[in-house]
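A.B. asks: Dropping the structure in here first, questions after.
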Amino acid sequence: MINFNKGEDPNKITLNTPVTFNSKNAEPEIEADPVLTREVIEEEKAFRRGVLSVKDIISPASLKVKPNHLYLGDQFLRTIFVISYPRYISIGWFAPIINLNLTFDISMFFYPISSSIILKQLKNKVGTLEAQIISDAEKGAARDPLRETALRDIEYLRDALTQGTEKFFQFALYVTLYADNMEDLDRISDQVEDIFGSRLVYSRRVYYQSEQGFNSTLPLGNDELYIAFNMNSSPVASSFPFISSELTSDRGILYGINRHNNSLILFDRFSLQNANSVVFATSGAGKSYAIKLEILRSLMLGTDVIVIDPEYEYKHLAEAVGGTYINISLSSENKINPFDLPRSIGGEARPKDIIRSAVITLKGLVRLMLGALNYDEDSIVDRALLEAYAKKDITPDSDLSKIEPPTMSDLEQVLDGMEGGAELALRLRKYTKGTFAGLLNSPTNVEMDNQLVCFSVRDLEDELRPIAIYTIVNYIWNVVRSEMKKRILVIDEAWWMMQHEDSAKFIFALVKRCRKYYLGVTTITQDVNDFLTSPYGQAIVNNSSLQILLKQSPAAIDLVQKTFILTEGERYLLLECGIGEGIFFAGNKHVAMKIVASYTEDQLITSDPRQLLELEEAKKEFDESRQEEGSV
């Protein structure tokens, strides 16, 4: 209260209680009992009007309330509340709503109710139901299953409440949806209501309580709707929103740590519908490190592993575990004959079918070597391949376990003697007598009798790499079909194969058929755009139950997000994650993963040039010290 005293300066006022200025546009509150001038008070008021508060920053520009929605700034909002639940509800039923790639707010309100009150009401309800059941029995009426079920449920709940194993709550669940326009808001509302309805959870949209619904989902803890449902603690707990996927099984290998809850990602890829996997990452994101770790741990469980290595990355690992490392180059002594046939494929195919399959595969190789073929040339090559096999007495009646397959020179001779084949023979000559003669024109002299076999193509020219990888994969496929074993085939830098239709088609056919031969194919690539824009690349992803996405480049993230149906949060994770971090997909489940290795494993599988150099120097020092000891 402000008093004006007679005879005093009218510009001065006396305050009987203290005054403070605590908020914008606030009237002065009393703090002391000083004498202040009106000018000071007005100046203080003017100053407070110019001060920016937190409320001014976070508040929207406008709020328009409609009967069934709100218009908040430039966003449309609508609140949906749940009114009924089914008799049984599974744990995690709310996960499909939480995982929607939408913007929404969720509020849950739990109101505990005293067990004594509920037990008294349940006792009265039991009496009513039993009386009705007895009355129906005396009248000879048919039994009522609904009443009997309700009686059993009530008796179970009474026992649980009495024993203290259950508590009773009133539970309210509200979801506020955001959209840029009314059409999107209606569509999103229908989508959420459909998901609720598919689980027999019935929901409604707010009408003439839009503002109260919005306020109820703000982080203020105010329930202005108060539309609750009676539930005991078990079904209430099933609505718990903070859930994370787990990929921990009793068998398999350790792929990494679940970044959501620090659980172990233990998984057996052969337990899925197929054992194929794809790995996408930028250069240096740790994709080869992850796969080498998988290889090392798979070897410990008795799985055979075959690797196609384009950059000598697996040589150190192969030497450490006693594997076989085969270098394929023009000057190498290791040779693979593309005309080789599988010795046995379990008796499921006749020699005629095996030869026909080999001819189809070789035609793809010839197209890689010679370029595109017209219809006449394709027919000539087809006939020449059959005659090349026949030249070595390989016919539909032959015993394939006692044959000597032809070579590229045999095909050249057959083409040279055929009408219209001279030009094709001339184009083929550089692979038999020319610059590239050392690659494909010799009998096979490599063996795959080791648990880990690596094929290196680093010393080949870029022009020859697709041809060599095609030949190696075909040879591996023949070996796989000859003997049924648990195997993993790793194709590093698979985008080399996706550049040509024939090689891409061959890899796709391999991925589709390998499950029958207990083989899992792992395709690794850093050129995501080249791989996924190929129709065969997309098909390979669809036929791979295991998928590992590590750090992605901004140029490729849109395509990756569309292919794997990632949320915005997962997209951001792949752009910002560190080395060895990403998302692990196994079937319908996926989790954020961090790849971890022990010190010994890290020394065996590292691709860091600095670590490799240190290892080489340490090895050299060790060898020198051993020599000195021997001389002494």
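A.B. asks: What dipole magnitude, in Debye to the nearest 20, does the chain give about its Cα centre under +1 on Lys/Arg Cβ and -1 on Asp/Glu Cβ?
C.D. replies: My answer is approximately 2060 debye.
A.B. asks: Compute the length gained on full extension between K45 and N99: take 0.36 nm times their separation in residues and subtract their Cα-Cα distance, giving the result in nm to one decimal.
C.D. replies: 14.5 nm
A.B. asks: Give, in nm to one decimal, the length gained when the segment between D602 and I195 is fully stretched (0.36 nm per residue of separation minus the Cα-Cα distance).
C.D. replies: Length gained, D602 through I195: 142.0 nm.
A.B. asks: Output the pairs from K486/K562; K485/K505; K352/K505; K292/K335; K292/K619 with a Cα-Cα distance over 30 Å in this structure; if there are none, say none.
C.D. replies: Beyond 30 Å between Cα atoms: K486/K562.
A.B. asks: To continue, here is another question. Answer with one residue from I113, G438, S534: the one whose Cα lies farthest towards the positive end of the charge dipole of the chain, charges on Cβ with Lys, Arg +1 and Asp, Glu -1.
C.D. replies: I113
A.B. asks: For a label point 7 angstrom out from the Cα of Q132 toward its Cβ, which stretches of the range 56-95 have the backbone nitrogen within less than 19 Å?
C.D. replies: Within reach of a label on Q132: 85-88.
A.B. asks: Let me know the charge dipole size of the range 189-337 about its Cα centre in debye, to the nearest 20, where only the beta-carbon of Lys, Arg (+1) and Asp, Glu (-1) is charged.
C.D. replies: I would put it at about 200 debye.
A.B. asks: Here is a further query. Over all directions, what mean area does the Cα convex hull of the range 337-443 project, stated in square nanometres?
C.D. replies: 6.5
A.B. asks: Starting from the amide H of L489, placed 1.01 Å from N in the peptide plane, find each other amide H under 5 Å away whose residue is 5 or more places distant or on another chain.
C.D. replies: I306, G520, V521, T522
A.B. asks: For the range 25-160, treating each Cα as an identical point scatterer without solvent, what Debye log10 I(q)/I(0) comes out at q = 0.09, 0.10, 0.17, 0.19 1/Å?
C.D. replies: Cα-only, vacuum Debye calculation for the range 25-160: -0.68, -0.74, -1.10, -1.20.
A.B. asks: Shifting gears a bit: According to a simple spin-label model (label point 7 Å from Cα along Cα-to-Cβ), what is the distance in nm between L373 and S249?
C.D. replies: Rounded to a tenth, the inter-label distance reads 4.2 nm.
A.B. asks: Still on this structure, please answer the following. Between 0 and 90 degrees, rounded to the nearest ten: what's the tilt of helix 145-163 against the longest Cα principal axis of the chain?
C.D. replies: 80
A.B. asks: Report the label-to-label distance for R383 and T533 in nanometres (one decimal), using points 7 Å from each Cα along the Cα→Cβ vector.
C.D. replies: Each label point lies 7 Å from its Cα, and together they span 4.0 nm.
A.B. asks: Continuing with the same structure: Which of the aspartates and glutamates could a cross-linker span from K139 if the Cα-Cα distance has to be under 16 Å and same-chain partners fewer than 8 positions apart are dropped?
C.D. replies: K139 reaches E130.
A.B. asks: Label N261 and L301 with points 7 Å out from Cα along Cα→Cβ: what is the distance between them in nm?
C.D. replies: 2.1
A.B. asks: Using only the Cα atoms of the range 489-615, what do you get for the radius of gyration and for Dmax, in Å?
C.D. replies: Rg then Dmax for the range 489-615, in Å: 15.9, 44.
A.B. asks: Positive end of the dipole of the range 63-238, charges at C-beta (+1 Lys, Arg; -1 Asp, Glu), about the Cα centre: which of I188, V82, V236 has its Cα farthest in that direction?
C.D. replies: The Cα lying farthest towards the positive end belongs to V236.
A.B. asks: To continue, here is another question. If I stretch the segment between I58 and I117 completely, what's the gain in nm (0.36 nm per residue apart, minus their alpha carbon distance), one decimal?
C.D. replies: Working it through step by step, the gained length comes to 16.9 nm.
A.B. asks: How big is the dipole moment of the range 494-632 about its Cα centre under a simple scheme where the beta carbon of each Lys and Arg is +1, that of each Asp and Glu is -1, and everything else is neutral? Debye, nearest 20, please.
C.D. replies: With only Lys, Arg, Asp and Glu charged at Cβ, the dipole is about 1140 debye.
A.B. asks: Which value results when the Cα radius of gyration for the chain is divided by 2.2 N^0.38 Å?
C.D. replies: 1.46
A.B. asks: Let me ask something else about it. Just want the answer: with Cβ charges of +1 for Lys and Arg and -1 for Asp and Glu, which residue in L102, Y325, N68 is farthest toward the dipole's positive end in the chain?
C.D. replies: N68
A.B. asks: If amide hydrogens are placed 1.01 Å from N in the peptide plane, which non-local residues have theirs closer than 5 Å to the one on I326?
C.D. replies: Amide H neighbours of I326: C454, F455, S456.
Quick note: the coordinates plus some simple rules give every number you see, no bench work behind them. Bear in mind the structure is a predicted one, so any value in this text is a computation, not a measurement. All Cβ positions, even for glycine, are placed from backbone atoms using ideal geometry, and neighbour counts span all protein chains on display.
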